[in-house]
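The values are calculated or read from the model by the stated rules, or taken from the named source; none is laboratory data. Here the structure is a predicted model, which means the values were calculated and not measured. Using ideal geometry, Cβ is built from the backbone for each residue, glycine included, and neighbour counts are taken over all protein chains shown.
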Amino acid sequence: MMSTLLVANRGEIACRIFRTCRELGIRTVAVYSDADENALHARVADTAVRLPGASPSDTYLRGDLIVKAAALAGADAVHPGYGFLSENADFARAVLDAGLTWIGPPPEAIEAMASKTRAKELMGIAPLGEAEVTEADLPVLVKAAAGGGGRGMRIVRRLEELEGALDGARAEAASAFGDGEVFVEPYVERGRHVEVQVLADTHGTVWTLGTRDCSLQRRHQKVIEEAPAPALDPALTDELYAMAVRAARSVDYVGAGTVEFLVADGTAHFLEMNTRLQVEHPVTEALFGIDLVALQIRVAEGHALESEPPRARGHAVEARLYAEDPARAWAPQTGTLHRLAVPDGVRLDTGYTDGDGIGVHYDPMLAKVVAHAPTRAEALRRLSGALERAAVHGPVTNRDLLVRSLRHEEFTAARMDTGFYDRHLAALTGPAPDPYAHPSPTTALTGVAARPPLVALAAALADAHGRSRFGGWRNLPSGPQTKRYLMAGEEYEVAYRHTRAGLAAGGVRVVRADAHLVVLEVDGVRRRFEVARYGDDQVYVGATALTALPRFPDPAAHHAPGSLLAPMPGTVVRLADGLTEGSAVTAGQPLIWLEAMKMQHQISAPVTGTLTALHATPGKQVEPGMLLAVVQET
């Protein structure tokens, strides 16, 4: 039996594996890059070993260093988690050659399924040849042969886009997985992404642990997952189980794995087999009442599974909370995560704690929030309610998008498919009705809304109390004090007074106001607002983020029309061919490519005109808001 386990990974999955190890009495070893020296996974492990490396993003791909770390720390087992080296057969062999227990399938099984092209051939499916694609084949999907997570994937709808898509996918795949091989397959419109969890032991038993639906995706990366997959025909479900078992047995699989399909018009199309633990494994755990990591460890120790898996109960749904801005092309966000807390009754898996920094080197996922209930409707309500009440203070996240998605009629009716966000993103990221709207007009700035939300008033009253108990009091009546806030892209001005009876705001009764809690009453209805402030300008009222605006805006903060600003921190990886100052460009033309968090992000011309300034050069590190180029409209 193993006594000390090293997790060859970071963040959320490392912390999650450590949790099971503690329950089993197994000592834990973390590895960390220089960028992760103070990361949560490095702090909670019993032992932590630094992995030297020039590039933090490549450190966890150094299998030789990880094996040395295991020997140095006295580990006798290695769990790869997901991503990085989790599906690398050479790394699995190196672990086994070092005399360590590998918590995963045999290297031969990994090798057989590691390449999506080879996996399809194993299942009797031939991909399209790149040179064979014709107009009749469109649309097609360019896809990385190695890895996953949406990296190295491009949809092609016009033949002239194919070459650029191949180049971009190769570059992204090489950066993320160290393998630039890509292939082309038909792109199925409006299909559902459905997968089957399998678990196999060394004694010939293969479990199928239900289905999962992972259709809500952005950039081919999953956002919301649930189990079981809803509204599937029983006969199709049986077919999926049979194909999953066939895939596992074809490579003598051992351990936890997932077989993925695209389901459209009642037909299942095999996609790939992931020879590792999936990000979305918690929904299966909740559904079956099991611990997949504990079962992985038992199987690796040679124990046999029961002849039949446990019974599924109820429904589970998971949402991935990302530090990204869905309204700005899913741009990843960085900064300090001041607070992350969810209500009781849901599961929170995260690699962050309050005060941690979110950097540029890794995936922007902050946490996974999981709800389980007797029915699907109850699980969706429980999860959406928990996310709505969660405290997520720091960089912009996709939290509001998750809440709206879970409540969208297409999703609640189980009519979703992988094109869900292509159709609904604009509506899901638009301004939401304010449930606490001020019932009467107040003085407003020119051109901004005349009815500021109560959350803005609560922020102003908390700030007024916190700064001075007696500040602003006058012996004679005078004009109200005002504060300006930016919320969801809109500016609001709120007014209040200091009176002998305390703080007052027209049309609203101030029941209580201190630096952290404001209670307001409107038309006999009381509402509580918890207020948190970080620095001079960032305010959170409940789940709502506001930015306190200066009384006199900085005129130097404005940029000329047509300015292209860096939407995120990252590295300029390339420019459009022949792009120089003076080049003629057209609206929507891709000009600059940034790489951040292993993904390439395209910056396009905002208007048709002339490039009058170009400050971006390949290899240049940029910060959010940095001026990259200027296009003068013609």
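Consider P107 against the criteria (1) touching a residue at least 40 places away in the same chain (Cβ under 8 Å); (2) closer than 30 Å to P186 by Cα: it satisfies all of them except one. Which criterion is unmet?
(1)
Would you please name the residue that is surrounded by the fewest Cβ atoms within 10 Å (Cβ to Cβ), looking only at residues in segment 10-44 that are in a loop (DSSP other than H, G, I, E, B) and touching a His at 6+ places or on another chain (Cβ under 8 Å)?
Applying the first criterion (in a loop (DSSP other than H, G, I, E, B)) to segment 10-44 yields 10, 25-26, 33, 37-39.
Narrowing further to those that are touching a His at 6+ places or on another chain (Cβ under 8 Å): 10, 33.
Working: R10: 28, S33: 22.
The residue in question is S33.
Restricting attention to segment 124-132, does a residue exist that is over 11 Å from F183 (Cβ atoms) and surrounded by 15 or more Cβ atoms within 10 Å (Cβ to Cβ)?
No, because not a single residue in segment 124-132 is over 11 Å from F183 (Cβ atoms) and surrounded by 15 or more Cβ atoms within 10 Å (Cβ to Cβ).
So T586 clears everything in (1) surrounded by fewer than 16 Cβ atoms within 10 Å (Cβ to Cβ); (2) out of contact with any Leu (no Cβ under 9 Å at 6 or more places or on another chain); (3) in the same structural domain as H465 (by TED's automatic domain parsing); (4) not small (G, A, S) except one condition, right? Which one?
(3)
Got a sec? Which of A413, A377, A391 is in contact (Cβ under 8 Å) with a residue 40 or more places away in the chain and small (G, A, S)?
Details: A413 fails: in contact (Cβ under 8 Å) with a residue 40 or more places away in the chain; A377 fails: in contact (Cβ under 8 Å) with a residue 40 or more places away in the chain.
Sole residue among the options that is in contact (Cβ under 8 Å) with a residue 40 or more places away in the chain and small (G, A, S): A391.
In segment 120-131, is there at least one residue being closer than 26 Å to D422 by Cα, in the same structural domain as G180 (by TED's automatic domain parsing), touching a residue at least 12 places away in the same chain (Cβ under 8 Å) and part of a loop (DSSP other than H, G, I, E, B)?
yes
From the list A92, A171, A112, exactly one residue is of a type outside the set (F, W, Y) and crowded, with 23+ Cβ neighbours inside 10 Å. Which is it?
Values: A171 fails: crowded, with 23+ Cβ neighbours inside 10 Å; A112 fails: crowded, with 23+ Cβ neighbours inside 10 Å.
So the residue among A92, A171, A112 that is of a type outside the set (F, W, Y) and crowded, with 23+ Cβ neighbours inside 10 Å is A92.
Can you name the condition, by its number, that I592 falls short on among (1) at pLDDT below 90; (2) within 26 Å of the chain's Cα centre (by Cα)?
With (1) at pLDDT below 90; (2) within 26 Å of the chain's Cα centre (by Cα) applied to I592, the lone miss is (1).
In the list A286, A300, which residue meets the criterion of being touching a Ser or Thr at 6+ places or on another chain (Cβ under 6 Å), in contact (Cβ under 8 Å) with a residue 60 or more places away in the chain, surrounded by 20 or more Cβ atoms within 10 Å (Cβ to Cβ) and outside the structural domain of M123 (by TED's automatic domain parsing)? Full working, then the answer.
Values: A286 fails: touching a Ser or Thr at 6+ places or on another chain (Cβ under 6 Å).
Among A286, A300, only A300 is touching a Ser or Thr at 6+ places or on another chain (Cβ under 6 Å), in contact (Cβ under 8 Å) with a residue 60 or more places away in the chain, surrounded by 20 or more Cβ atoms within 10 Å (Cβ to Cβ) and outside the structural domain of M123 (by TED's automatic domain parsing).
Of all residues in segment 350-381, count the ones that are among the hydroxyl-bearing types (S, T, Y), crowded, with 18+ Cβ neighbours inside 10 Å and over 13 Å from the mean Cα position of the chain (by Cα).
Restricting attention to segment 350-381, the residues satisfying the condition of being among the hydroxyl-bearing types (S, T, Y) are 350, 352-353, 362, 375.
Going one step further and asking which of them are crowded, with 18+ Cβ neighbours inside 10 Å, we end up with 350, 352, 362.
Now drop any that are not over 13 Å from the mean Cα position of the chain (by Cα), which leaves 352.
So the count comes out to 1.
Within segment 477-489, which residues are in contact (Cβ under 8 Å) with a residue 40 or more places away in the chain and surrounded by 13 or more Cβ atoms within 10 Å (Cβ to Cβ)?
Going residue by residue through segment 477-489, those that are in contact (Cβ under 8 Å) with a residue 40 or more places away in the chain are 483-489.
Of everything in segment 477-489, those that are in contact (Cβ under 8 Å) with a residue 40 or more places away in the chain and surrounded by 13 or more Cβ atoms within 10 Å (Cβ to Cβ) turn out to be K483, R484, Y485, L486, M487, A488.
Please find, among R50, R10, the residue that is more than 21 Å from the chain's Cα centre (by Cα) and not acidic (D, E). Write out each step before concluding.
Numbers: R10 fails: more than 21 Å from the chain's Cα centre (by Cα).
Result: R50 is the single residue among R50, R10 that is more than 21 Å from the chain's Cα centre (by Cα) and not acidic (D, E).
Restricting to segment 183-213, name every residue that is crowded, with 22+ Cβ neighbours inside 10 Å, under 30 Å from L159 (Cα atoms) and not basic (K, R).
V184, H193, V194
Per-residue answers, yes or no, for (1) assigned to a strand (DSSP E or B); (2) free of Cβ contacts under 8 Å to residues at least 12 places away in the same chain; (3) under 24 Å from the mean Cα position of the chain (by Cα); (4) not assigned by TED's automatic domain parsing to the domain that holds H220:
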residue: A504; (1), (2), (3), (4): yes, yes, no, yes
residue: R509; (1), (2), (3), (4): yes, no, no, yes
residue: R512; (1), (2), (3), (4): yes, yes, no, yes
residue: L520; (1), (2), (3), (4): yes, no, no, yes
residue: R526; (1), (2), (3), (4): yes, no, no, yes
residue: A532; (1), (2), (3), (4): yes, no, no, yes
residue: G578; (1), (2), (3), (4): no, yes, no, yes
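Given the options R313, R339, R320, R389, name the one that is outside the structural domain of G535 (by TED's automatic domain parsing), under 30 Å from L209 (Cβ atoms), surrounded by fewer than 20 Cβ atoms within 10 Å (Cβ to Cβ) and of a type in the set (D, E, K, R). Please lay out each step first, then the result.
On the way: R339 fails: under 30 Å from L209 (Cβ atoms); R320 fails: surrounded by fewer than 20 Cβ atoms within 10 Å (Cβ to Cβ); R389 fails: under 30 Å from L209 (Cβ atoms).
Answer to the selection: R313.
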